[in-house]
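Reading through the structure tokens given below for one structure.
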Amino acid sequence: MKPSILNKPELKEARRRTKELVSTIEFSIPASAMHLGDGKRYTIHTYGCQGNEADTERIKGILEEIGYAYTEDETKSDLIILNTCAIRANAENKVFGELGRLKHLKVANPNLLLAVGGCMPQEEVVVEKILKTYHQVDLVFGTHNIHKIVEYLEILSGKKTKVVEVESQQGDVVEQLPAIRTSKHKAWVNIMFGCDEFCTYCIVPYTRGKERSRDPQHILDEIDQLVQEGYQEITLLGQNVNSYGLDFQDKKYSFAMLLTDIQATSIPRVRFTTSHPKDFSMDLIDVLSKGKNLMPYIHLPVQSGSNKILKMMNRKYTKESYLTLIQSIKQAIPGVSITTDIIVGFPGETEEDFLETLDLVKHAGFEGAYTFIFSPRSGTPAAMYEDFTPVEEKKTRLQRLNVLVNEQFKSGNERFEGQEVQVLIDGFSKTNQQVLSGYTPHNKLVNVVGDASLIGKTISVHIKKAKTWSLDGELLHDKT
Ligand code: 5AD
Ligand code: SF4
């Protein structure tokens, strides 16, 4: 079948960075599409990071604005979207597995539209594979053109055709996208898009485009709106939030300045992710030290403790400078909880390099870490590096690292035993419907017996017992 649109991604274009100004697009729905989804249902599956979760909320917002209703039941769905992640091979394999599984639904319902969006389509190899093998897919779109979904659905409506449109240019900033937010009390707020770091292992600069910051006023307006709607917590999102504002050509306005302005709003809790150590400025530490609604929790990916590997990764800091930074943060924010990301088995990593990582984990005192085995991503420099370490050895290193990380996770929890903490209640615990769970300012998961009326509220809890992954507490009194 000949596609109506066939616009494939290009790695070379995706790698390009220019000083060209980014445009800000105001989203709107064409009158002709206002009722396109009336009476129809959609399902969406989200893979990967918070950026994708936030994008899914926007996709849902757009679809519901044109009449679609959400369903979890795929057999009743007219449109199934997979919002995909490209960060590691196993994330991608899951999606290809899903596409195979969903094929039979197209047999039962020939009108069903199957769409693949997000980071995977931004890769040349993936689009080729979909076109060659996964004929059941009707729509392929990337991270830069979520706002055009309506246009694509109009083309596909009632016709036997395909749309494959992936843009590899540097990306725009799209404002006024509607959103159906998953939580009624916690919200994602994008502050910037893209990444210009080009860590040698990472596909994100190719899939998410150039670093581009949202206008501060748009961010502050969104936060004000969330406050009015009763939201209790926001998480500011960006691949490298510390470089927020560096792309502004008309003003000097940094992440530290944005946080200062957000500190003055009445949103009760503010978090942010992800930080790059190389851009973590003293100004930023200074704002964070003033606390207020800025939570004492920082996720600061280190990736490796070996200077040799950090250099090969293009991380632009050393083990020593990272530890000095951690020291400054801890001094300025007493009791702060710090977590990290670590990759083991990067090409060329020796036992000595790995021991440097273990040493750094101990000295930094991380209270949690996301740990991964290096996964070569097609088109990135590290995918071409010679790699002599056997997979079994890499798996053993990961296990050794995880033992240490888990010990430190537990001691991070133990320091709250016997204390009173403020917990923003998310809902009932996944494992026990009598028990509520939520997070403390330090991002510690707390379980406490209580009723549904406490969901979305911040309550005082007395911590009785620390476990490895969570804390058990007792309700003291309702703070609201
Ligand atoms: N292989 C393994 N882990 C990776 N990450 C990013 N790219 C890769 C890769 N190719 C990890 C990094 C990053 C986190 C989001 O995912 O640790 O911080
Ligand atoms: Fe990937 Fe590095 Fe950018 Fe993070 S900072 S998204 S690891 S390239």
Selection count, segment 195-244, where residues are within 16 Å of ligand 2 (Cβ to nearest atom) and either crowded, with 23+ Cβ neighbours inside 10 Å or not hydroxyl-bearing (Ser, Thr, Tyr) (or both): 26
Hey, Lys148 surrounded by fewer than 22 Cβ atoms within 10 Å (Cβ to Cβ) and either within 16 Å of ligand 1 (Cβ to nearest atom) or closer than 25 Å to Ile66 by Cβ (or both) or not: yes
Selection count, segment 216-243, where residues are part of a strand (DSSP E or B) and either under 15 Å from Gln176 (Cβ atoms) or touching a Pro at 6+ places or on another chain (Cβ under 9 Å) (or both): 1
Residue count for segment 340-356, restricted to those that are of a type in the set (Val, Ile, Thr), under 26 Å from the mean Cα position of the chain (by Cα) and more than 19 Å from Ser275 (Cα to Cα): 1
Test: residue in segment 343-365 that is of a type in the set (Asp, Glu), part of a loop (DSSP other than H, G, I, E, B) and within 30 Å of Met120 (Cα to Cα): yes
Residue pairs meeting the criteria (Cβ under 7 Å; at least 6 apart or on separate chains; first more than 19 Å from Glu13 (Cβ to Cβ) and among the polar types (S, T, N, Q), in segment 376-390; second modelled with pLDDT under 95 and within 16 Å of ligand 2 (Cβ to nearest atom)): none
Hits in segment 427-473 - residues which are in contact (Cβ under 8 Å) with a residue 40 or more places away in the chain, under 20 Å from Ile298 (Cα atoms) and in a strand (DSSP E or B): Leu471
Subset of segment 63-93 [surrounded by 14 or more Cβ atoms within 10 Å (Cβ to Cβ) and in a helix (DSSP H, G or I)]: Leu63, Glu64, Glu65, Glu74, Ala91, Glu92
Per-region count, segment 354-366, residues closer than 17 Å to Met312 by Cα and crowded, with 21+ Cβ neighbours inside 10 Å: 2
Subset of segment 297-312 (residues that are small (Gly, Ala, Ser) and more than 15 Å from ligand 2 (Cβ to nearest atom)): Gly305, Ser306
Single match in Glu128, Glu124, Glu167, Glu154 (criterion: charged (D, E, K, R), more than 16 Å from ligand 2 (Cβ to nearest atom) and closer than 19 Å to Glu26 by Cβ): Glu167
Qualifying residues in segment 171-215 (those that are in a loop (DSSP other than H, G, I, E, B) and among the polar types (S, T, N, Q)) - the one nearest to ligand 1 (Cβ to nearest atom): Thr200
Single condition His276 does not satisfy, out of (1) within 16 Å of ligand 1 (Cβ to nearest atom); (2) more than 23 Å from Gly209 (Cβ to Cβ); (3) touching an Asp or Glu at 6+ places or on another chain (Cβ under 9 Å): (2)
Number of the condition not met by Lys132 [criteria: (1) farther than 19 Å from Ile66 by Cβ; (2) within 27 Å of the chain's Cα centre (by Cα)]: (2)
Residue in segment 367-411 that is farthest from Met313 (Cα to Cα), counting only those that are assigned to a loop (DSSP other than H, G, I, E, B) and β-branched (Val, Ile, Thr): Thr389
Any hit, segment 347-368, residues being at pLDDT 95 or above, within 16 Å of ligand 2 (Cβ to nearest atom) and touching a strand residue (DSSP E or B) at 6+ places or on another chain (Cβ under 6 Å): no
Extreme residue, modelled with the lowest pLDDT, among residues of segment 245-262 that are of a type in the set (A, V, I, L, M) and surrounded by fewer than 21 Cβ atoms within 10 Å (Cβ to Cβ): Leu246
Leu153 at negative phi, buried (at least 18 other Cβ atoms within 10 Å of the Cβ), more than 22 Å from the chain's Cα centre (by Cα) and aliphatic (A, V, I, L, M): yes
The listed residue being more than 30 Å from Ile267 (Cα to Cα) and loosely packed, with under 13 Cβ neighbours inside 10 Å, out of Gln408, Gln399, Gln433, Gln419: Gln399
Residues of segment 174-218 satisfying the condition of being under 20 Å from Leu310 (Cα atoms) and without any contact (Cβ under 8 Å) to a residue 60 or more places away in the chain: Cys195
Residue count for segment 78-99, restricted to those that are touching a Gly at 6+ places or on another chain (Cβ under 9 Å) and within 11 Å of ligand 1 (Cβ to nearest atom): 4
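The values are calculated or read from the model by the stated rules, or taken from the named source; none is laboratory data. All values derive from a computational prediction rather than experimental measurement. As a convention, Cβ positions derive from the backbone with ideal geometry for all residues, glycine included, and neighbour counts pool all protein chains shown.
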